[in-house]
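Below is one structure, written out as structure tokens, with a few remarks after it.
The values are calculated or read from the model by the stated rules, or taken from the named source; none is laboratory data. Small disclaimer: the values here were computed from a predicted structure and weren't measured. Note: ideal-geometry Cβ built from the backbone for every residue, glycine included; neighbour counts use all protein chains shown. Just so you know, the surface numbers come from the protein's heavy atoms only, side chains and all, with ligands and any DNA or RNA stripped out. Shrake-Rupley method; radii C 1.70, N 1.55, O 1.52, S 1.80 Å.
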Amino acid sequence: MATAVSFTASSIGKKYVMAVSGIALFGFTMAHMAGNLQVFLGRERFNGYAATLHAMPAVLWVFRGVMILAVVAHIVTSVQLALRNRAARPQGYAKKQSLATTYAARTMVVSGPILFFYIVYHLLHFTFNTLHPNYEVTDLYSNVVASFRQVPISVSYIIANACFGFHVFHGAYSLFQSLGVNHPRYNGALRSLAMAIAVLVTTGFIAVPVGVLAGLTK
Amino acid sequence: MRVFLQVWRQKNGQSKGRFERYEASEVSPDMSLLEMLDVVNEGLVQKNEAPIAFDHDCREGICGMCGLVINGVPHGSEGGATTCQLHMRKFQDGDEIWIEPFRAKAFPVLRDCVVDRTALDRIIQAGGFISVRTGSAPDANQILVPKENADLAMDAAACIGCGACVAACPNASAMLFTAAKISHLGLLPQGQPERHSRALAMVKQMDAEGFGACTNHEECEAVCPKEVSIDFIARMNRDFAKAAATFRPPKARGGGD
Amino acid sequence: MTLNSNCPTGPIEKRWEKRRFEMKLVNPANKRKYNVIVVGSGLAGASAAASLGELGYNVQCFCYQDSPRRAHSIAAQGGINAAKNYTNDGDSIFRLFYDTVKGGDFRARESNVYRLAEVSVDIIDQCAAQGVPFAREYGGLLANRSFGGAQVSRTFYARGQTGQQLLIGAYQALARQIAAGTVKMSCRSEMLELIVVDGVARGIVTRDMVTGKIEAHVADAVALCTGGYGNVFYLSTNAKGCNAMALWRAHKKGAYLANPCFTQIHPTCIPVKGEYQSKLTLMSESLRNDGRVWVPKDGKDSGKRVSDIPEEARDYYLERRYPAFGNLVPRDIASRAAKQVCDDGRGVGPGGLGVYLDFADSIQRLGKKMIEERYGNLFDMYHHITDENPYEVPMRIYPAVHYTMGGLWVDYDLMSTVPGLFVGGEANFSDHGANRLGASALMQGLADGYFVLPYTIGHYLGQRAAGGVKLDHPEVKAAKKSVEERVRKLLDIGGSRSPDSFHRELGLLCWEHCGMARKKDGLEIALQRIPELREEFWKDLRVVGSGEELNQELERAGRVADALEFAELMVRDALHREESCGGHFREESQTPEGEAMRDDERFCYVAAWAHQGVDKEPVLHKEPLSFEYVKLTQRSYK
């Protein structure tokens, strides 16, 4: 146990925590996206899917437990890392020119908190229904369609998911490096893969509000 | 040609620093940047002002002593070169050149653009070596090293310990430096017995010195005068995780050191 | 005083073994009671400090750089020789010994050189075990190449960074001992004085280059591994910080300086461009394998573009004068020949101080790709510095000061004439005679540090009790006080010229009169001018700032002050040696064809000078050299 504790206390150990929790969270979002896209299959299918999930509370709660753990680990560790990284350069440069870094990499500390606040809102919105007390618990389909017909909600959702895309791009590419499971021969491919995943997941999520606004749902 | 300099001046580690503007006239394009600073310093001495302190030694790009941040890029934007290999022909007449020290908590400023990089030495002292007594080595050709490994180890060993990776990293991380040494030794058969303990000890020291963590900006690789690859960071991460997962602390120390 | 080289007698291949057996040993439990100071952390210093620490002595190591890894050994490119005979081409310890004595133009001590060749094989073993990434064959065995005109392939290398990799190896061994607590490392510390008590070296005085604090350190033995004095010439391939201060301080405290006129001028350096130039860059000697050296036949063509000089108007002077060796003649000969054509007014480039090193024929014969594979990094480096593309126009090269064979006189045990003061690496005079062969400097540095000093210092310590001199000893306090006064004096002159301006002037003077070719009247001019310059220095120096801070001007001032004294001895030695040998070419002593002529009748000895005071003539002591194993012959490369 002593080594495990010092592992997570180390800067590299923390990168492992970020990578592993990131993978878990990403896995969830993929599943979530697949679920969301069923909105295009009609009310029955979509509500049926939601009902199926709710019919298995044990599974749902184990799943939620893992998610909560991953979210907490991801956030706590990222805050620790961000603080450490800030402290490592108390005095900045008067002029700093970047040569290699990407927009996505530079904005991880911004896109992360945006996502956090967005997720809180998102849970309140669709999971706990606290923001919209008139929503029907059993008719998720209507809730989704009604919400996204409101342009501000759709726009905020789209913006948040664009952020998510950037976050996923840098995260997905970096996790191979952090876990040390990359190789110079495949790094180019991994980068393209990360890009593809980011585009896929962003498009997948954005498809719903766009679809609703475009009237593709009934 | 004529250039203008904005140079960081700081009397010592305790005092507050600031930028001073200097004019360098009659600059030859064939001068190195450091030679241009020599000339500026000569002028300051004539005016009875303290010359700009900066580290340098071999002036041929191998000792690793020089290190200025020039217009926001450690060692300037020559690519694959150290500060001392940067020539004035890379600048235009009338340019304003910003010259700053490497900035990191672990590299405190000693004076002007001179910083203390002994943190890097302490990382090596923590385990960046192969424990071999003088005189106890077997015949060199008894240790076979695949050429590919030797070449890769050499790529990592090319590190000159200048600290530009730290200076360029948005997080002031020393991962490229540390990874280069862990990889250099870990790639060779001679380095295997201590491979795990070395990775653990060096990373621990790296953290203790107050360097940041890697967030994969790849700035270190871009400024490295010896073009050491960030692939070595992945290798270090792998070694470190394996080591942390399997390390068994020695029960007692007996015999030798 | 008679100089006793203290060499063991008997068959040469048994001498080192014999000496090691004769040595007094120190009880392992007592070793930590002995303090040893090592100054310098290059190949010799770092390896000595690490090995001594490992043996159990209490070691303190000092360097002026910010880390021990930066010493100028790091800049050596080519490789390191060892008599391993891995290539089965007939190499042996005796052959390496023979080549080194002959290459040194018969001015080195046979016993020392033989030992060097003997331990060369252990060095490679040691370095390989440390993880030095030497070049390998596909089968995993070590690769070798032929270097510097040697007939056998005995050079081990790590790309073009052999010196760096060997130094990092030694540095890592040192780091291990620092972590183990056996070596205490002080960086950014400069040795400003040697402490001698009752005629025995007992410590040093240093200045902390960050705080300015002047401190005395006492020890039971002191080892100087502080490199050569090439920077006396101001422009050289040495690092900017390299200096002769430690050597000179030791010399003034009684250590004899041997053969200071033996300086190596390397033929393939990038020529000087302007007044502001701060240092010279070496291009590897290997370039001469494929490059052809030439100048125009007529000085009138010197300013022309290369393409405008037809083949028949070019003088490939090395090929013409030395048909057997051509462009591959040894360093001293190639350098001198370049100087002669430039003196003829046929030099090329700014100031007419350069010759062409032309790859056009090789590119045509082997293809650009092959040349790129062989020399790509060197061509890039040249391009970087000169902004000229050597694939298209010939390189311009000119000789530059590179290495100094002279140094503090040491006996077989590497101990100077001050008991307890040992000298290793380039700082001593012992192994290279009047000319050093390529890839031999790294070998000597590591031989001294790993395999000689740890034994001989132990032997010295084994004969005396530990301790005895404390920091409050009057001699220690006096030494510290003298340093403080000297620093104060430098700061208080309040003149108008910077240390560098004096250094440049001194360098030009030395280069002009004591450079590639020396003659009596020129040396006499230098001998007259140097003391004058020194006087000016002490009258008109300006050091801005104080002593209690990081003050690079003050550091330079101290070094230049000593260089101004050192240079005089170098010139005096050159004047007294009325023969040509190795790197020392006296114009009065040449064959009718203009080749160097040694005078073994009169000068087959080591000239060891004893200091008598500044502005006083030093006393010359001679250590006769006898050659039992290598027959004295004139070198010929025709």
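For B:C84, what accessible surface area do you get with a 1.4 Å probe? Give it in Å², rounded to 10.
10
Quick one: check the C-alpha center-to-center distance for the stretch C:390-439 versus the stretch B:6-22, whole angstrom.
Spelled out, the Cα-based centre of one part sits 40 Å from the other.
Once the Cβ-Cβ distance between C:Q590 and C:E215 is put in as r, and R0 is 60 Å, what FRET efficiency do you end up with, to the nearest 0.05? Don't jump to the answer; show the numbers that get you there.
On the way: r = 51 Å, r/R0 = 0.85.
For R0 = 60 Å, the calculated efficiency reads 0.75.
Using a Cα-Cα cut-off of under 14 Å, which aspartates and glutamates could be cross-linked to C:K539, ignoring same-chain neighbours fewer than 8 residues away?
Those aspartates and glutamates meeting the cut-off are C:D492.
Quickly work out the B:R89-to-C:E311 label distance, labels modelled 7 Å from Cα along the C-beta direction, and quote it in nm with one decimal.
About 3.0 nm, to one decimal.
Give me the one-decimal nm value for the distance between modelled label points at C:R145 and C:A360, 7 Å along each residue's Cα-to-Cβ direction.
A separation of 2.6 nm, rounded to one decimal place.
Between A:F126 and A:V181, what is the FRET efficiency for a Förster distance of 30 Å, r being their Cβ-Cβ separation, to the nearest 0.05?
Numbers: r = 35 Å, r/R0 = 1.16.
After rounding, the FRET efficiency stands at 0.30.
Run through every distinct alpha carbon pair of the protein assembly as shown and return the Kirkwood hydrodynamic radius in angstroms, one decimal place. Kindly include the intermediate steps, with their values, before the conclusion.
Details: mean 1/r = 0.0314 Å⁻¹.
With all distinct Cα pairs of the protein assembly as shown included, I get 31.8 Å.
What residues of the stretch B:184-219 lose no less than 40 Å² of accessible area with every protein chain in place versus their chain by itself (probe 1.4 Å, heavy atoms only)?
Residues of the stretch B:184-219 that lose at least 40 Å² of accessible area once the other chains are added: B:Q190, B:D207, B:A213, B:T215, B:N216, B:H217, B:E218, B:E219.
What whole-number distance in Å separates the alpha-carbon centres of the stretch B:113-143 and the stretch C:316-339?
Cα centroid of the stretch B:113-143 versus Cα centroid of the stretch C:316-339: 42 Å apart.
Checking the cross-link filter: which lysines have an alpha carbon closer than 21 Å to that of B:K251, excluding same-chain neighbours under 8 positions apart?
Hits, sequence-local ones excluded: B:K204, B:K242.
Work out, step by step, the length gained on full extension between C:R486 and C:H383: first 0.36 nm times the residue separation, then minus their alpha carbon distance; give nm to one decimal.
Details: separation 103, 0.36 × 103 = 37.08 nm, distance 4.41 nm.
Gain on stretching C:R486 to C:H383: 32.7 nm.
At 222 nm, what helix-only mean residue ellipticity would the protein assembly as shown give, in deg cm²/dmol to the nearest 500, using -39500 (n - 2.57) for each DSSP H run of four or more? Could the numbers behind the result be given before it?
Details: 34 runs with 472 residues, N = 1113.
Taken over the protein assembly as shown, the calculation gives -13500 deg cm²/dmol.
Using the Karplus equation 6.51 cos²θ - 1.76 cosθ + 1.60 (θ = phi - 60°), what ³J(HN,Hα) coupling, rounded to whole Hz, does each residue of the stretch A:89-94 give in order, writing x for Gly and Pro?
9, x, 10, x, 8, 6
When the accessible area of the stretch B:117-246 is computed with all protein chains present and a 1.4 Å probe, what percentage of it is carbon and sulfur? Mind showing how you got there, number by number?
Values: 1900 of 3750 Å².
Percent of accessible area from carbon and sulfur atoms in the stretch B:117-246: 51.
Sorted by accessible area with a 1.4 angstrom probe, largest first, how do B:E60, B:E221 fall? Intermediate results must be reported in sequence, preceding the final value.
On the way: B:E60 25, B:E221 60 Å².
Reading off the accessible areas and sorting them downward yields B:E221, B:E60.
So what is the relative contact order of the stretch C:55-200, in percent, for Cα pairs below 8 Å that sit 6 or more residues apart?
Working: 198 pairs, mean separation 59.4, N = 146.
Relative contact order comes out at 41 percent.
Starting at the first residue of the stretch C:43-59, write each ³J(HN,Hα) from the Karplus equation 6.51 cos²θ - 1.76 cosθ + 1.60 with θ = phi - 60°, in whole Hz, x for Gly and Pro.
Coupling constants for the stretch C:43-59: 4, 5, x, 5, 6, 5, 4, 5, 5, 5, x, 4, 6, x, 6, 8, 10 Hz.
Return the FRET efficiency for the residue pair A:V155, B:E96: r is the Cβ-Cβ distance, R0 is 41 Å, and the value is rounded to the nearest 0.05. Please list the in-between numbers first.
Working: r = 43 Å, r/R0 = 1.05.
Computed FRET efficiency for A:V155 and B:E96 comes out at 0.45.
Roll a 1.4 Å probe over the protein chains and send me the accessible area per residue for chain C in Å². Mind dumping the intermediate values first?
Numbers: 21620 Å² over 638 residues.
Averaged over the residues of chain C, the accessible area is 34 Å².
Taking 0.36 nm per residue of separation and subtracting the Cα-Cα distance, what length does fully extending A:R106 through A:V62 add? Present the calculation step by step, with values, prior to reporting the outcome.
Details: separation 44, 0.36 × 44 = 15.84 nm, distance 3.42 nm.
Using 0.36 nm per residue and subtracting the Cα-Cα distance, I get 12.4 nm.
Between C:Y629 and C:E617, what is the label-to-label distance in nm when each label sits 7 Å out along the Cα-to-Cβ direction?
3.8
In Å, the Kirkwood hydrodynamic radius of the stretch A:1-132 over pairs of distinct alpha carbons?
Every distinct Cα pair counted, the radius reaches 17.8 Å.
Before anything else, pin down the relative contact order of chain C: Cα pairs under 8 Å, at least 6 apart, normalised by residue count, whole percent. It would help to have the intermediate numbers written out before the result.
Values: 1400 pairs, mean separation 128.6, N = 638.
For chain C, the relative contact order is 20 percent.
Can I get the semi-axes of the stretch B:142-212's equivalent ellipsoid? Compute them from the C-alpha gyration tensor as square roots of 5 times the eigenvalues, in angstrom, largest first.
Numbers: eigenvalues 123, 45, 9 Å².
After scaling each eigenvalue by five and taking roots: 25, 15, 7 Å.
Taking amide H atoms as placed 1.01 Å from N in the peptide plane, list the residues 5 or more away in sequence, or in a different chain, whose amide H sits under 5 Å from that of C:R314.
Amide H to amide H, under 5 Å and 5 or more residues apart or across chains, C:R314 pairs with C:K297.
Once the other residues with Cβ under 15 Å from the Cβ of C:D521 are scored (Lys, Arg +1; Asp, Glu -1), what is the net sum? Kindly include the intermediate steps, with their values, before the conclusion.
Numbers: positive: C:R518, C:K519, C:K520, C:R529, C:R572, C:R586; negative: C:E512, C:E524, C:E578, C:E587, C:E588.
Value of the local net charge: +1.
Against the longest alpha carbon principal axis of chain C, how many degrees, from 0 to 90 and to the nearest 10, is the axis of helix C:368-386 turned?
It is inclined by approximately 70 degrees.
Taking the convex hull of the alpha carbon atoms in the stretch C:366-491, what volume per residue do you get, in Å³? If you can, show how the numbers build up before the last one.
On the way: hull volume 26.6 nm³, N = 126.
It is 211 Å³ per residue.
Relative contact order (percent) for chain A, with alpha-carbon contacts under 8 angstrom and 6 or more residues of separation?
Details: 155 pairs, mean separation 68.5, N = 218.
That works out to 31 percent.
Ignoring ligands, DNA and RNA, how much accessible area is buried between chains C and B, both sides summed, with a 1.4 Å probe, to the nearest 100 Å²? Before the final figure, lay out the partial values.
Values: alone 24880 and 13860 Å², together 32310 Å².
Roughly 6400 Å² of accessible surface disappears when C and B pair.
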